[in-house]
Amino acid sequence: MHWIDPQSLPSIENRVASFIFNADGSADGFFFANGQQVHFPPHLSRQLLKRVKAGDTVRVRGVKPRGADVLVAFTLTTRGGHTIEDHGPEAEPHRPASKPKSKPVEISGTVARTLYAPKGETCGAVLDDGTLLRVHPKGNEALAAYLQVGKSVTAWGLQMAVRGQHVVDVSHLAYNQ
């Protein structure tokens, strides 16, 4: 259980524009209609995807790490009043969705958004065509420079389709000339 009382945190209410999926096929965030990235732990993925759809309005209580444009959710409350609270992975062990089939790809595009992990580390990007590039935030600090908005990149990795979105588990990145 988290030591932080979520009721003491500021709340933000907005409409969910789209979900963010990781390389395991689980949701670990979404974008609000105003563009704000909201991160939640993947152990809440199943519960959240059952209760919230793109277009729904939710209220989030969370914290913002320094230097990253992301809100880390501790509680999410649906318009109907159902609250999903993060009690830590011990309370709700993460059972990844059955991993979607993947295929090796080489994909190029321009970074439209940088994705952040809960402590503000870069963990991926959204390309201009909507493809999600995902990298592990630990040990890949050097890749953060490649995943900045406006950079033209080529990525190699395994691509899967998750709820209509293309997600690439990136193994290599390069700038485009």
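Quick look at the values:
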read-out	value
The chain, dipole about Cα centre (Lys/Arg Cβ +1, Asp/Glu Cβ -1), debye to the nearest 20	360
Cα-Cα separations in the chain greater than 22 Å, expressed as whole percent	43
Value at 222 nm in deg cm²/dmol, rounded to 500, when DSSP H runs of n ≥ 4 in the chain each add -39,500 (n - 2.57)	-1000 deg cm²/dmol
The stretch 1-55, relative contact order [Cα under 8 Å, separation at least 6], %	29
Cα shape, the stretch 1-57, gyration tensor, a/c 1.5 rule	oblate
Three-way shape label, the stretch 102-141, alpha-carbon gyration tensor, a/c 1.5	oblate
Residues LYS103 and ALA142, FRET efficiency given R0 of 35 Å [Cβ-Cβ distance, rounded to 0.05]	0.85
Over the chain, relative contact order from alpha-carbon pairs under 8 Å, at least 6 apart, %	19
Mean shadow area of the stretch 95-177, taken as a quarter of the surface of its Cα convex hull (nm²)	5.7
Proximal lysines to LYS99, defined as alpha-carbon separation beneath 19 angstrom and excluding residues fewer than eight positions away on the same chain	LYS50
Cα-centred dipole magnitude for the stretch 42-141, charges only on beta-carbon of K, R (+1) and D, E (-1), debye, nearest 20	340
Cross-link partners of LYS119 among lysines (Cα-Cα below 18 Å; sequence separation of 8 or more within a chain)	LYS64, LYS138
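No lab work stands behind these numbers, since they all come straight from the coordinates. Treat the numbers as computed from the prediction; the structure is a model and nothing was measured. Glycine gets a Cβ as well: all are built from the backbone with ideal geometry, and neighbour counts include every protein chain shown.
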